[in-house]
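Before any comments, here is the structure.
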Amino acid sequence: PMCTGFEPALEKYTSAAADAGAPIQCIYVPSDRDQPSAAARAKALGMLQVPFDAAAGLKKQMKVWAGSEMMQFGMLRRSGVPALVVLDNGGKEMAFLEAERRGPQALREWPADPRGQW
């Protein structure tokens with residue numbers, strides 16, 4: 001999957017953010033075929049995971065899903081995966097990073113916080 005090629009860049013980015021004193025919490029929204037696979041993937045990535053049964057609703061809300069899920073969700077999406085929806089502490093969307101199309105370059109669009117950091 002395309003997401004596995006993006007993961008090293010995301011890991012490097014989040015590590016750099018943590019080293020700079022501005023840690024980022026990524027939450028995995030699974031497109032895996034089953035809960036055990038999703039849990040293993042989230043653990044390997046060191047991420048929290050949206051509950052497997054809640055992932056479909058979040059994908060519809062954010063309009064992001066894998067190509068293999070188009071039969072379930074339809075064609076009208078803003079992106080496939082990988083993609084990052086950057087939320088503030090209140091859950092408001094700050095930015096959308098289309099990593100499926102742009103790859104690691106998408107991380108350059110991560111919004112700065114009010115202190116001028118990540």
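Would you check if VAL50 is touching a residue at least 12 places away in the same chain (Cβ under 8 Å) and under 19 Å from GLU109 (Cα atoms)? Even if it seems obvious, please write down each step before you answer.
Details: touching a residue at least 12 places away in the same chain (Cβ under 8 Å): yes; under 19 Å from GLU109 (Cα atoms): no.
It is false that VAL50 is touching a residue at least 12 places away in the same chain (Cβ under 8 Å) and under 19 Å from GLU109 (Cα atoms).
Comparison of ARG108, ARG115 shows that the only residue that is modelled with pLDDT under 90 and under 20 Å from GLY5 (Cβ atoms) is ARG108. Scanning the range 7-32 for residues that are at pLDDT 90 or above, assigned to a loop (DSSP other than H, G, I, E, B) and not small (Gly, Ala, Ser) yields GLN25, CYS26, VAL29, PRO30, ASP32. Checking every residue in the range 69-76 against the condition of being touching a helix residue (DSSP H, G or I) at 6+ places or on another chain (Cβ under 9 Å) and surrounded by 14 or more Cβ atoms within 10 Å (Cβ to Cβ) gives at least one match. Of all residue pairs spaced 6 or more apart or on separate chains, those with beta-carbon atoms under 9 Å, a first member in the range 1-24 that is polar (S, T, N, Q) and a second member that is loosely packed, with under 12 Cβ neighbours inside 10 Å are THR14/PRO23; THR14/GLN25; THR14/GLY46.
Please go through the range 49-68 and pick out each residue that is among the hydrophobic types (A, V, I, L, M, F, W, C) and touching a helix residue (DSSP H, G or I) at 6+ places or on another chain (Cβ under 7 Å). If you could, list the steps in order and put the result at the bottom.
In the first step, residues of the range 49-68 are kept if they are among the hydrophobic types (A, V, I, L, M, F, W, C); the result is 50, 52, 54-56, 58, 62, 64-66.
Hits for the range 49-68 are VAL50, PHE52, TRP65.
Taking the range 67-89 as the range and being assigned to a loop (DSSP other than H, G, I, E, B) and either without any contact (Cβ under 8 Å) to a residue 40 or more places away in the chain or among the aromatic types (Phe, Trp, Tyr) (or both) as the test, the residues that pass are GLY74, MET75, LEU76, ARG77, ARG78, ALA83, ASP88, ASN89.
The values are calculated or read from the model by the stated rules, or taken from the named source; none is laboratory data. Fair warning: this is a prediction, and the values are worked out from it, not measured in the lab. Using ideal geometry, Cβ is built from the backbone for each residue, glycine included, and neighbour counts are taken over all protein chains shown.
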